[in-house]
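Notes follow the structure.
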Amino acid sequence: MNFGEKIKELREDQGLLQRQLAANLEIDTPMFSKIERGERKAKREQVEQLALLLHVDRTALFSIWLADQILDLIQNEPQASEAIEIVKKELKKA
């Protein structure tokens, strides 16, 4: 599940409207809708706010957001799988 799908699911489960969350993020509703559809990327600060507003674990939401960022960067690269393996090894060293 990508970030947009996750926040949409959480929002709907809690009976919240897009415009309510958009107002709290100080963005317009169409921009929030684009974030949910994956047409626009949320900013790091917005992820933090969404975790608070949706009463979810910040770390889990950031993980989904970051995975989306990585996927967007490498999804059309032929060596994506190899690059991910290198990153995994480097992260284990850190």
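Once the Cα atoms of helix 3-13 and of the chain are each reduced to a long axis, what angle between those two axes, in degrees from 0 to 90 to the nearest 10, is obtained?
For 3-13 against the chain, the angle is about 30 degrees.
State the answer as a single residue: which of L91, L73, I27 lies farthest towards the positive end of the charge dipole of the chain, with beta carbon charges of +1 for Lys and Arg and -1 for Asp and Glu, about the Cα centre.
L91
Please give, to one decimal in nm, the separation of the simple spin-label points placed at N24 and K88, each 7 Å out from Cα toward the Cβ.
3.6
Of all GluC sites (Glu not before Pro) in the chain, which ones are in loop regions per DSSP and have a Cβ with at most 15 other Cβ atoms within 10 Å?
Values: sites: E5, E9, E12, E26, E36, E39, E45, E48, E82, E85, E90; in loops: E26, E39.
Those that pass, being in a loop and sparsely packed, are E26, E39.
Rounded to the nearest 10 Å², what accessible area does T59 have for a 1.4 Å probe in the complete protein model?
The accessible area of T59 comes to roughly 90 Å².
Which of these, I64, I35, I27, has the largest mean-square fluctuation under a Gaussian network model of the chain (Cα springs below 10 Å)?
Result for the chain, Cα springs under 10 Å: I27 fluctuates most.
Once you have the Cα-Cα distance between L71 and K43, take 0.36 nm times their residue separation minus that, and quote the gain in nm to one decimal.
8.5 nm
Report the residue, chosen from Q49, Q18, Q79, that carries the largest GNM mean-square fluctuation when the chain is represented by alpha-carbon nodes joined by springs under 10 Å.
Q79
Run through all the Cα pairs of the chain and give the fraction in each 5 Å bin from 0, expressed as whole percent.
Values per bin, smallest distances first: 2, 13, 22, 22, 15, 10, 8, 6, 1.
For segment 14-64, what is the convex hull (Cα atoms) projected area averaged across all directions, in square nanometres?
Values: hull surface 13.3 nm².
The number I arrive at for segment 14-64 is 3.3 nm².
Where nothing but the Cβ of Lys and Arg (+1) and of Asp and Glu (-1) is charged, how large is the charge dipole of the chain around its Cα centre, in debye to the nearest 20?
Here the size comes out at about 180 debye.
The values are calculated or read from the model by the stated rules, or taken from the named source; none is laboratory data. Every value quoted in this text rests on a predicted model; they were computed, and no experiment measured them. A quick note on method: Cβ atoms are made from the backbone with ideal geometry, for glycine too, and the neighbour counts reach across all protein chains shown. Note: accessible area is taken over every heavy atom of the protein model, side chains too, but ligands, DNA and RNA are not part of it. Shrake-Rupley method; radii C 1.70, N 1.55, O 1.52, S 1.80 Å.
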